[in-house]
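Visitor: Below you'll find the structure I mean.
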Amino acid sequence: MTTAPMPDFPAGFRWGVSTAAYQIEGAATADGRGPSIWDTFAHSPGRIADGSTGDVACDHYHRYAEDVALLAGLGVSAYRFSIAWPRVQPTGAGAANPAGLDFYDRLVDELLGHGVDPVATLFHWDLPQALEDTGGWLNRDTAARFAEYADLVAARLGDRVKLWITLNEPFIHMSLGHGMGVHAPGRMLLFDAFPVAHHQLLGHGLAVSALRARSTSPVAIANNYSPVRLAGDTDADRAARAAYDALHNRLFTDPLLGLGYPEEPGLDPGVVRDGDLDVIAVPLDVLGVNYYNPTGIRAAQEGSPLPFEIVPLDGYPRTAFDWPVVPDGLRELLVGLRDRYGDALPPIQVTESGCAYDDTPDADGRVADPERIAYLDGHLRAVRAAIDEGVDVTGYFVWSLLDNWEWAEGFTKRFGLVHVDYATQRRTPKSSYAWLRDVIRG
Ligand code: PNW
């Protein structure tokens, strides 16, 4: 980490932190909430590293006022949270459950009362189980259901949410949830999971129109991106890199920006109907970029079901997730998006960036996390460098405000600026919280 002062960011730059409903809220059956695919998955034996569930998580549903006070103390101008679809529509269809919407109404007003812009994600992976029972995102009908849900949310919150995000990381939801089976709903379809890509994107396009009918606030999607590093120098290695880049970085962006699906073999979702690509290419106000690390790729071994092999990247520090820490990958990614999409690219906000470490309180109850400070320092400098190279980046959100329930890893990975003792629900700001507060003030 350099000791040079953090460079300035443009006036109006949006500083934020991000969370997701199932990872923090708990209160899984409160006020009429229906089950989601993550309730089902977490309650199935053997799926979660520590056998835990999100039943209680950070109990944010009851402690949101304390958590908003933490946001205010941090000095962020925005908070990205997600709305649990099964709180709003317990079975994924029909009239809104008013008690479910009431919670987000209270949260939004609490944020506004502290001068924090509410940024709402509509889908952060917690599909109502009843929709999964009719095929989930493999079923085209789920896209239409998603737009109806968006309409219900916008009718209630459309006057106060400052930025809408339709989907969180549809690539991760497709690949880990439907391709590899390590996330809910636990399907292992490999390349047969592609209808999940198209139906999510179709749902996005329909939801954008539904939101705009009720709200004048800008609309975004949050995609996960990973610059691809080539491990090997044969033609087969280069072909593998192109295949992986098309899958991870282009499949969910080319169609949004009017280019249609990538033409790489095997990437045709097969369920596209006339007119769908126009629905999907509805203009975006902002592109949300979630970045964690680059991916090393080389040609697949003989007999592999995949057209590439993922290999570890050597020579970098690693987080507790074993993910390499590569700040310059974020600059490379941002510049690469601009170079690829040019004028079709809307302004970018980095909607997730962060790291997990084994943070534990010392004898005095303080939590020092110098690795996280170094991580954020490097990634913020990378954003600044991309801006200097002419990329229009208008915001940066840290993942995450709180240590929380990290999906298949349960409570074993701590991403927070604030430590959570799950036994007592006591929140303790880590040293990175004070560091970021000072950066934002500066
Ligand atoms: C994102 N990968 O998930 C999610 O949006 C967050 O909910 C999550 O807590 C955060 O990143 C940290 O994991 C990802 O395997 C899950 O490459 C897995 C991957 C990437 C992102």
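Read-outs throughout are calculated quantities, based only on the coordinates presented, and are distinct from any laboratory measurement. Here the structure is a predicted model, which is why all the values come from computation and not from measurement. Because the Cβ atoms are built from the backbone with ideal geometry, glycine has one as well, and the counts that use them run over all protein chains shown.
Visitor: Need one word for region 258-325: rounded, prolate or oblate. Basis is the Cα gyration tensor (sqrt eigenvalues a ≥ b ≥ c); a/c below 1.5 gives rounded, then a/b vs b/c decides. Intermediate results must be reported in sequence, preceding the final value.
Guide: Details: a/c = 3.86, a/b = 1.48, b/c = 2.62.
Cα axes put region 258-325 in the oblate bin.
Visitor: Where the centre of each part is set by its Cα atoms, how far does region 369-442 sit from region 1-32, in angstrom?
Guide: 7
Visitor: If amide H atoms are built 1.01 Å from N in the plane of the peptide, which residues on other chains or at least 5 residues away come under 5 Å of the amide H of Asn224?
Guide: Those lying under 5 Å, H to H, from Asn224 are Glu169, Phe171, Ile172, Asn290.
Visitor: Could I have the simple spin-label model distance between Phe321 and Asp343, label points 7 Å from Cα toward Cβ, reported in nm to one decimal?
Guide: Label-label distance for Phe321 and Asp343, simple model: 3.7 nm.
Visitor: For the chain, with a Gaussian network of springs between Cα atoms less than 10 Å apart, report the residue from Thr319, Thr53, Thr166 with the top mean-square fluctuation.
Guide: Its mean-square fluctuation being the largest, the pick is Thr319.
Visitor: Over the chain, what is the relative contact order in whole percent, taking alpha-carbon pairs under 8 Å and six or more residues apart? Each step should come with its number before you reach the end.
Guide: Numbers: 930 pairs, mean separation 77.2, N = 442.
Reported as a whole number, the value is 17 percent.
Visitor: Which length gain, in nm to one decimal place, applies between Arg426 and Asp328 when the Cα-Cα distance is subtracted from 0.36 nm times their residue separation?
Guide: 31.8 nm
Visitor: Output wanted: per-residue J couplings in Hz (rounded whole) for region 365-380, from phi through Karplus 6.51 cos²θ - 1.76 cosθ + 1.60, θ = phi - 60°, x for Gly and Pro.
Guide: The phi angles translate into x, 8, 10, 9, 9, x, 5, 5, 4, 4, 4, 5, 4, x, 6, 5 Hz.
Visitor: Another one. Identify the residues of region 392-414 with backbone N under 19 Å of a label point that sits 7 angstrom from the Cα of Ala30 along the Cα-to-Cβ direction, or state none.
Guide: Hits in region 392-414 for Ala30 at 19 Å: 401-406.
Visitor: Work through the residues other than Val116 whose Cβ is under 10 Å from its Cβ and net out their charges, Lys, Arg +1 and Asp, Glu -1. Could you put the intermediate results ahead of the total?
Guide: Numbers: positive: Lys162; negative: Glu110, Asp117.
That sum, taken over residues with Cβ under 10 Å, equals -1.
Visitor: Still on this model: Each residue of region 198-206 in order: what ³J(HN,Hα) in whole Hz does its phi give by Karplus 6.51 cos²θ - 1.76 cosθ + 1.60, θ = phi - 60°, with x for Gly and Pro?
Guide: Result, rounded to whole Hz: 5, 5, 5, 5, 5, x, 4, x, 5.
Visitor: Right, here's the next one. So if R0 is 60 Å, what FRET efficiency would Leu112 and Asp235 give, r being the distance between their Cβ atoms, rounded to the nearest 0.05?
Guide: For R0 = 60 Å, the calculated efficiency reads 0.60.
Visitor: Cβ under 11 Å from Pro262's Cβ, Pro262 left aside: what net charge do those residues give with Lys, Arg +1 and Asp, Glu -1? Spell out each step's value before the answer.
Guide: Values: positive: Arg250; negative: Asp245, Asp254, Glu263, Glu264, Asp268.
Overall, the nearby charge balance is -4.
Visitor: I've got another one for you. Using a/c under 1.5 as the rounded threshold, could you call region 20-70 rounded, prolate or oblate? The axes a ≥ b ≥ c are square roots of the C-alpha gyration tensor eigenvalues, and prolate needs a/b larger than b/c, oblate otherwise. Please list the in-between numbers first.
Guide: Values: a/c = 3.08, a/b = 1.66, b/c = 1.85.
Oblate.
Visitor: Also, I was wondering about something else. Which whole-number percent gives the relative contact order of region 232-319, counting Cα pairs below 8 Å spaced six or more residues apart?
Guide: The value is 35 percent.
Visitor: Among bridges DSSP assigns within the chain, what percent are antiparallel (round to 5)?
Guide: Expressed as a percentage, antiparallel bridges in the chain total about 20.
Visitor: Sticking with this structure for a sec: Relative contact order (percent) for region 14-120, with alpha-carbon contacts under 8 angstrom and 6 or more residues of separation?
Guide: The value is 35 percent.
Visitor: Compute the projected area of the convex hull of the Cα atoms of region 273-432, averaged over all viewing directions, and report it in nm² to one decimal place.
Guide: Spelled out: convex hull of the Cα atoms, projected over all directions, averaged, 13.6 nm².
Visitor: Please report the net charge: other residues with Cβ closer than 15 Å to the Cβ of Gly410, K and R +1, D and E -1.
Guide: Summing Lys/Arg as +1 and Asp/Glu as -1 gives -4.
Visitor: With a ≥ b ≥ c the root eigenvalues of the C-alpha gyration tensor of region 105-160, is it rounded (a/c under 1.5), prolate (a/b larger than b/c) or oblate?
Guide: prolate
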